[in-house]
Amino acid sequence: MDMTICPAQPEYFEQLRAIERAAFETLRRAGAVTGPAVATSLAALNDVYRHGLLLAAMTPETGAVGFVAGTFEAGWLHIAEIDVHPDWQRKGVGRRLMKTILSAGQARDLRGATLTTDNAAAFNAPFYATLGFKSLASHALPPHLARIMAEEIAAGFDPTRRTAMGIIWSPR
């Protein structure tokens, strides 16, 4: 498979949004989402592009086939979004995206990485666990992750289905 992981450029933002909407259907089949497919706003992608890490999996034939977005939160890398187009799922694209962004986070001497996921998508947490993420109890959340979880719940996410996960790289 001829694929590279590289910084996502603004000219690909609409393609990234289309990938996110297509990947929404995988989550719908897993019972993790309902309603119309949604995607990260162009403004939010631009913000991550300018202030975080936004990486795309690119192929010569199709352009972007997946992406991962990470923000910097009080010395941590927070994985805000990862999506792979359904035609490219289960081919190692997500793993390559995650390994690349995690390596970039480690190179910045961050404390670790965090993310949230919906436990109704039974494949998510086990996938992240293979990369070293561990589920975190609510009393053990770093402050930024507690804030993100609270924001997600305030936005309508079901708190009984949210899982917070993290990796600690180094004591700071």
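Below, the figures for the structure above:
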{"quantity": "Potential extension, ARG21-ARG108 segment - 0.36 nm per residue separation minus Cα distance", "calculated": "28.2 nm"}
{"quantity": "Paramagnetic reach from VAL38 in the range 129-172 [backbone N under 13 Å; point 7 Å along Cα→Cβ]", "calculated": "151-158"}
{"quantity": "The chain: Cα Rg divided by the 2.2 N^0.38 Å rule of thumb", "calculated": "0.98"}
{"quantity": "Distance from the range 141-172 to the range 61-101 (C-alpha centre basis), Å", "calculated": "19"}
{"quantity": "Per residue accessible area in Å² of the range 103-164, where ligands, DNA and RNA are left out and the probe is 1.4 Å", "calculated": "54"}
{"quantity": "3J(HN,Hα) from dihedral phi, the range 131-145, Karplus parametrisation 6.51/-1.76/1.60, rounded to Hz, x for glycine, proline", "calculated": "9, x, 6, 10, 5, 10, 5, 4, 6, 9, 6, x, x, 5, 6"}
{"quantity": "Relative contact order %, the range 14-72, counting alpha carbon pairs below 8 Å whose residues are six or more apart", "calculated": "32"}
{"quantity": "Karplus (6.51, -1.76, 1.60) ³J(HN,Hα), θ = phi - 60°, over the range 108-123, in Hz, Gly and Pro reported as x", "calculated": "8, 6, 7, 5, x, 10, 9, 6, 10, 8, 9, 6, 6, 8, 4, 8"}
{"quantity": "Volume in Å³ per residue [convex hull over Cα atoms, computed for the range 1-79]", "calculated": "121"}
{"quantity": "Listed residues GLU14, GLU20 arranged by accessible area, highest first, probe 1.4 Å", "calculated": "GLU14, GLU20"}
{"quantity": "Rotationally averaged projected area of the range 50-95 (alpha carbon convex hull; nm²)", "calculated": "3.7"}
{"quantity": "The chain - percent relative contact order, Cα under 8 Å, separation 6 or more", "calculated": "20"}
{"quantity": "FRET efficiency, ILE168 to GLU14 (Cβ-Cβ, R0 30 Å, nearest 0.05)", "calculated": "0.25"}
{"quantity": "Zone of THR4's modelled label, taken as backbone nitrogen in the range 58-75 under 18 Å from a point 7 Å along Cα→Cβ", "calculated": "58-68"}
{"quantity": "Rounded D (µm²/s) - the range 58-140, Kirkwood Rh over Cα pairs, Stokes-Einstein at 20 °C, 1.002 mPa s", "calculated": "155"}
{"quantity": "For GLY66, residues with placed amide H under 5 Å, excluding near neighbours", "calculated": "ALA57, HIS85"}
{"quantity": "Cut-off under 5 Å, modelled amide H: who pairs with GLU81 long-range", "calculated": "ALA69"}
{"quantity": "Portion, in percent, of the accessible area of the range 64-150 that falls on carbon or sulfur, probe 1.4 Å", "calculated": "53"}
{"quantity": "Integer Hz, Karplus 6.51/-1.76/1.60 couplings in order for the range 74-91, x for Gly and Pro", "calculated": "6, x, 10, 9, 10, 7, 7, 6, 9, 9, 10, 4, x, 5, 10, 5, 6, 10"}
{"quantity": "ASP158/ASP47 FRET efficiency (R0 45 Å; Cβ-Cβ; nearest 0.05)", "calculated": "0.95"}
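The values are calculated or read from the model by the stated rules, or taken from the named source; none is laboratory data. Here the structure is a predicted model, which means the values were calculated and not measured. Positions of Cβ are backbone-derived with ideal geometry, glycine not excepted, and every protein chain shown enters the neighbour counts. Quick note on the areas: whole protein, heavy atoms, side chains included, nothing else; ligands and nucleic acids left out. Shrake-Rupley method; radii C 1.70, N 1.55, O 1.52, S 1.80 Å.
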